1. Consider I131 carefully, then state whether it is touching a residue at least 40 places away in the same chain (Cβ under 8 Å), within 30 Å of I200 (Cα to Cα), surrounded by 15 or more Cβ atoms within 10 Å (Cβ to Cβ) and aliphatic (A, V, I, L, M).
2. Which of the residues that make up region 1-24 are outside any helix (DSSP H, G or I) and either surrounded by 13 or more Cβ atoms within 10 Å (Cβ to Cβ) or among the aromatic types (F, W, Y) (or both)?
3. I need the full set of residues from region 163-178 which are modelled with pLDDT of 85 or more and open to solvent by less than 40 Å² (accessible area, probe 1.4 Å), in order please.
4. Filter region 111-122 down to the residues that are part of a loop (DSSP other than H, G, I, E, B) and over 15 Å from the mean Cα position of the chain (by Cα), then identify the one that is surrounded by the fewest Cβ atoms within 10 Å (Cβ to Cβ).
5. Considering each residue of region 54-87, count those that are under 23 Å from I143 (Cα atoms) and in contact (Cβ under 8 Å) with a residue 12 or more places away in the chain, and give that number.
6. When you look at I117, is it at pLDDT below 75 and in contact with a Gly (Cβ under 7 Å, 6 or more places away or on another chain), yes or no?
7. Please indicate, with yes or no, whether at least one residue in region 84-99 is at pLDDT below 90, touching a strand residue (DSSP E or B) at 6+ places or on another chain (Cβ under 6 Å), outside any helix (DSSP H, G or I) and more than 30 Å from D195 (Cα to Cα).
8. Just to be sure I understand, how many residues within region 32-64 are open to solvent by 50 Å² or more (accessible area, probe 1.4 Å) and either part of a helix (DSSP H, G or I) or not aromatic (F, W, Y) (or both)?
Amino acid sequence: HAAFPEGGVNAIYKLTKALAACKGIKAEDKAILDFLTGVNTDSYGTYLGFAMTDEISGQTVSSGTVLRNNNGYVKLTNDCRYCVTEDGEFIIKSIKDKCAQNNFHLEIAGHDKPSFIDKNSIGVQTCQKVIKSHLNLNRDITIGKGGTYAGKIPNALATGINTTPHDAKLPDYVKPGHGHAHAPDECTNIAGYIDGIKLIAEVFLELDENLK
């Protein structure tokens, strides 16, 4: 997942590193592969010059996620989620400068400024209360990071509805490691989905009371 690239293995990194080590490769091709490998050497934008963190949103993450050949030109799509206290223009300049040093050209497909909601806000605390009660949990719900529609809407909060125990009950024909979010054969348990809708309704009703 682009919001948590450190949790996986980047196939592009594996590929470009292996190709760059091949005997007989042309110097100009190796330079291209070395640049692509550098971008994915870690998941924090270190090679591109903007590894940073803050206490509010944590570590900036950055990873090359899509590699393609377009009319003889190599193109790498890079996904970056940066700290809410940092300046996106600085990151753009850092990437642009690094690209120029390596004969690459930067195209910005999109730039959405980061969004942040205080964990002590009414919305987050209401979700914590209702979900913990609904699921009979004695721990706080994990507050994650990621790119969602919520950042586009004032005071919006994104929360998943598939957080019920039903989700663990996948059909027997679903292979191990499959079926869950962002996994092969991603699916959802219908009972869990319906229960999740009820849970969201509970959150709405509680929020309505708390915001009066």
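The values are calculated or read from the model by the stated rules, or taken from the named source; none is laboratory data. Being a predicted model, the structure only gives us computed values, none of them experimental. Note: ideal-geometry Cβ built from the backbone for every residue, glycine included; neighbour counts use all protein chains shown. With ligands, DNA and RNA removed, areas are computed over all heavy atoms of the protein, side chains included. Shrake-Rupley method; radii C 1.70, N 1.55, O 1.52, S 1.80 Å.
1. Details: touching a residue at least 40 places away in the same chain (Cβ under 8 Å): yes; within 30 Å of I200 (Cα to Cα): yes; surrounded by 15 or more Cβ atoms within 10 Å (Cβ to Cβ): yes; aliphatic (A, V, I, L, M): yes.
Considered against the rule, which asks whether it is touching a residue at least 40 places away in the same chain (Cβ under 8 Å), within 30 Å of I200 (Cα to Cα), surrounded by 15 or more Cβ atoms within 10 Å (Cβ to Cβ) and aliphatic (A, V, I, L, M), I131 comes out as yes.
2. Those that are outside any helix (DSSP H, G or I) and either surrounded by 13 or more Cβ atoms within 10 Å (Cβ to Cβ) or among the aromatic types (F, W, Y) (or both): H1, A2, A3, F4, N10.
3. Residue satisfying the conditions is V174 alone.
4. Filtering region 111-122 down to residues part of a loop (DSSP other than H, G, I, E, B) leaves 111-121.
Add one more test, that the residue is over 15 Å from the mean Cα position of the chain (by Cα), and what stays is 117-121.
On the way: I117: 15, D118: 10, K119: 12, N120: 7, S121: 12.
Here the residue is N120.
5. To start, the set of residues in region 54-87 that are under 23 Å from I143 (Cα atoms) comprises 54-63, 79-86.
Filter once more, keeping what is in contact (Cβ under 8 Å) with a residue 12 or more places away in the chain: 54, 56-63, 79-86.
Count: 17.
6. Values: at pLDDT below 75: no; in contact with a Gly (Cβ under 7 Å, 6 or more places away or on another chain): yes.
Considered against the rule, which asks whether it is at pLDDT below 75 and in contact with a Gly (Cβ under 7 Å, 6 or more places away or on another chain), I117 comes out as no.
7. yes
8. Our first condition is that a residue be open to solvent by 50 Å² or more (accessible area, probe 1.4 Å); within region 32-64, this holds for 32, 34, 41, 44, 46-47, 51, 53, 55-56, 59.
Next cut, either part of a helix (DSSP H, G or I) or not aromatic (F, W, Y) (or both) only: 32, 34, 41, 46, 51, 53, 55-56, 59.
Number of matching residues: 9.
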